[in-house]
Structure formats: structure tokens, C-alpha cells
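What follows draws every value from the coordinates through simple rules; no lab data is involved. Please read all numbers here as calculations on a predicted model, not as lab measurements. Quick reminder, even Gly has a Cβ in these numbers, built from the backbone with ideal geometry, and neighbours come from all protein chains shown.
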Amino acid sequence: MSLPQHVASPTKPDLPQRRALQGFGRTILGWGEGNLRDLPWRRTRDPWHILLAEVALQQTQAARVAERFVELTTAMATPTATVHLGKAGVISLWSGLGYNSRAVRLFQTAERLVESFDGEVPGTNAELQSLPGIGPYTAAAIEAFAFERDVAVYDTNVARVIARAVLGAPTSTKVGFELARSMVPKHSGWLFNQAMLDFGATLCTARSPSCERCPLRRRCAWRNSGDEQDPARTTAGTARPQGRFEGSARQGRGRMIERLRRSSATFEELRTATGWDDDAQVATQLNDLMTAGLLSKRGAKYFLG
DNA sequence: CAGTCGTGGCC
DNA sequence: TGGCCAAGACT
């Protein structure tokens with residue numbers, strides 16, 4: 001006897017069957033075998049180096065992280081070395097990568113690993129997500145790329161590919177993630193997930209997908225639907241509108257941190273770095289940066305960390 | 001849940 | 001030129 005594999009709900013559009021999902025998965029896997037970019041973190045299985053790369057890759061293009069990978073993994077070779085480097089040292093190294101709070105959390109994670117995990121990156125998803133700066137994406141990436149587990153990695157690239165090729169319709173993170181899980185070919189989690197990320201980053205891109213050379217074009221649900229509207233645009237987990245950066249408080253904070261990477265500085269020197277003329281605004285932003293653990297004040301001077 | 005968090009490259 | 005978006009996480 002056999003139970004029905006899937007019963008379509010009368011109210012919700014039915015999802016692709018497991019068999020179809022595995023077909024998409026195998027095609028992506030095959031594409032990856034000949035098309036993976038040569039990125040430095042793909043040549044190692046060192047969990048700490050992969051953790052480091054994955055944190056740096058959060059909301060940051062792979063190419064920009066690639067050119068810094070050797071520098072980062074040399075200076076922060078192990079969690080212990082990272083702790084010895086100190087928080088200010090880690091923030092200093094983070095120059096140019098953006099989202100400076102990631103440097104603070106990375107340092108805190110190194111501390112936690114030394115204190116509670118014998119200096120090693122833990123193996124379970126729950127333990128990984130308990131670390132500062134490690135969320136659902138990064139935890140899964142470490143599982144797949146360092147420990148070679150057949151889990152699904154779900155990021156903006158994967159969400160886009162699934163919304164377009166698999167569903168041809170916008171979807172939630174919950175559903176998209178579940179579909180991604182069903183696509184992972186057994187024993188090939190490492191390559192499949194790397195391939196999914198590259199597939200989205202280089203072929204099924206956000207602005208101008210290369211449908212002509214896409215191995216999924218026959219099966220692409222978006223293409224077959226004939227819809228003009230890109231289903232990825234309103235799918236959870238894909239890019240959201242961002243405020244103007246030029247002239248923003250964000251830009252001013254970034255300039256203050258960058259100034260402190262050179263040396264400690266006075267309030268006036270930091271104000272100058274922002275290009276602002278409003279002391280109150282400078283004070284407000286300095287307080288926020290202190291709260292975030294990015295800087296501290298001793299006497300009349302401000303310091304990184 | 002919706003806002004917020006840097007910085008740079010590309011069209 | 002200026003808008004868009006990039007291997008997300010946290011509050």
C-alpha cells in the first residue's frame with residue numbers, strides 16, 4: 001500500500017513534487033561541476049576559516065571578500081589568535097568590508113569558542129546559531145561547507161532561484177527553505193549548495209539573468225508562466241529597499257570608525273572626519289557606536305573597541 | 001515584523 | 001548621475 005505523496009490544498013497553489021525538486025537539484029549540481037568560481041574558501045574545510053568567510057560574506061559580494069580572505073585568515077588563524085588580536089584589532093582588520101558590528105560579533109564568537117567550546121567551532125546547528133552574528137544562513141553554510149552535511153543553505157541567491165525557476169511565484173522563507181531542502185542531492189550537499197549560490201550569483205542574477213545559457217530554461221516556472229513580473233522581487237529573503245547612503249548618519253559613523261582605525265582621536269577630530277557641523281549629531285552617533293561595542297572613551301580620547 | 005546596520009561596484 | 005543590490009543578523 002502507499003500513501004499519497006502530496007495532496008494539493010484547494011486554497012493554496014500546490015508545490016512541486018519531490019521528484020521534480022530533485023530534478024532541479026541534480027541539474028544545478030551538474031551545472032556546478034563545470035562552473036564553480038575559484039573562491040579561496042572553497043579550498044579549505046577549516047571550520048573557523050569558513051565561519052570567518054561566511055560572516056564576511058553576509059550582505060557583501062563574494063569578489064570583495066575573496067581578495068581579503070588570506071589576510072583575514074592569516075591574522076585570525078584560530079579563535080585563540082583572534083582573541084589575542086583583541087577587539088580593536090579585529091575591527092581594524094574589517095576596514096572596507098562594511099557592517100562593522102560584524103567584526104565585534106566575530107570577536108565575541110572567538111571568545112565564546114575559546115571559553116566554552118575548547119577553541120573549536122561546534123558541530124550542531126543550534127550551537128552555531130547560539131553564537132553572536134551566526135544566524136540561519138551562516139549556521140547552515142558552516143554545516144554544509146565545513147562539515148559537508150547534506151543540509152540546505154538558504155540565502156538571497158537561493159530564494160531568487162527558487163522563486164523564479166521552481167515556483168514562478170513569490171514565496172515565504174519557510175516554504176522556500178523547505179523546497180531547498182528537498183533539492184539537496186544525497187551525499188552532494190557541499191557541491192550542490194556551492195552551485196546554488198553561484199547559480200544565483202552569476203547566472204540567475206537579480207538584475208539581468210542569463211536565461212539564454214540557463215540549463216533550467218525548459219523547466220523554468222517563471223519563463224513558462226510568461227509573466228513579465230519577476231517573482232523574486234517580492235519574495236522574502238531577497239533585496240529590500242535601502243535608504244540613501246550619501247549624507248546619511250550611517251556614512252558619518254563609518255567615517256568615524258575609519259578614522260579610529262588609524263589612531264585614537266578627540267571628539268573634534270571625529271567630527272571633522274564626518275564632515276558634519278552639528279556637535280549634537282556627532283555625540284548621538286558616538287553614543288550609538290559605543291553601545292554597539294565599536295568604540296570606547298578614555299579621558300578626552302576615543303578608541304576603537 | 002519592519003527598521004537598521006557600511007561600503008563599493010555596476011549600469 | 002543615482003538607484004539598485006550584495007553568501008544576513010539583530011532588535
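Key figures for this structure:
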{"quantity": "Ratio Rg/Rh [Cα only; Rh per Kirkwood] for the range A:18-120", "calculated": "1.08"}
{"quantity": "Count of Lys pairs (Cα-Cα under 30 Å; at least 8 positions apart or interchain) in chain A", "calculated": "5"}
{"quantity": "Burial ranking of peptide ranges A:163-173, A:230-240 (average Cβ count within 10 Å, highest at the top)", "calculated": "A:163-173, A:230-240"}
{"quantity": "Dipole magnitude (debye, nearest 20) for the range A:249-304, charges at Cβ of Lys, Arg, Asp, Glu", "calculated": "320 debye"}
{"quantity": "Projected label distance in nm at residue A:272 and residue A:70, using a 7 Å step from Cα toward the beta-carbon", "calculated": "3.7 nm"}
{"quantity": "Exposure proxy order (Cβ contacts within 10 Å, fewest to most) of A:297, A:174", "calculated": "A:174, A:297"}
{"quantity": "Part-to-part distance (alpha-carbon centres) for the range A:187-208 and the range A:224-240, which is given in Å", "calculated": "17 Å"}
{"quantity": "Gain in span if fully extended, residue A:59 to residue A:36, counting 0.36 nm per residue against the direct Cα distance", "calculated": "6.3 nm"}
{"quantity": "The range A:28-83 and the range A:143-163: distance between their alpha carbon centers, rounded to Å", "calculated": "15 Å"}
{"quantity": "Unit charges at the beta carbon, dipole of the range A:170-305: most positive-side option, A:284, A:220, A:302", "calculated": "A:220"}
{"quantity": "Chain A shape via C-alpha gyration tensor axes, a/c threshold 1.5", "calculated": "prolate"}
{"quantity": "Signed unit charges on C-beta, dipole axis of the range A:46-145, positive-most listed residue A:137, A:125, A:93", "calculated": "A:93"}
{"quantity": "Structure-based [θ]222 nm, chain A - -39500 (n - 2.57) summed over DSSP H runs of at least 4, per residue, nearest 500", "calculated": "-14500 deg cm²/dmol"}
{"quantity": "Cα gyration tensor, the range A:249-304 - rounded (a/c under 1.5), prolate or oblate", "calculated": "rounded"}
{"quantity": "Residues A:24, A:147 arranged by fewest to most Cβ contacts within 10 Å", "calculated": "A:147, A:24"}
{"quantity": "Sequence ranges A:248-259, A:119-130, ranked by mean other-Cβ count within 10 angstrom, highest first", "calculated": "A:248-259, A:119-130"}
{"quantity": "Potential lengthening between residue A:236 and residue A:77 on full extension [0.36 nm per residue; Cα-Cα distance subtracted]", "calculated": "53.7 nm"}
{"quantity": "Distance between modelled label sites at residue A:46 and residue A:279, nm, 7 Å Cα→Cβ extension", "calculated": "4.9 nm"}
{"quantity": "Which of A:207, A:112 has the fewest Cβ neighbours within 10 Å, and the rest in rising order", "calculated": "A:207, A:112"}
{"quantity": "Student exercise, chain A dipole from Lys, Arg, Asp, Glu Cβ charges, in Debye to nearest 20", "calculated": "620 debye"}
{"quantity": "The range A:46-145, relative contact order in percent, only Cα pairs under 8 angstrom and at least six apart counted", "calculated": "31 percent"}
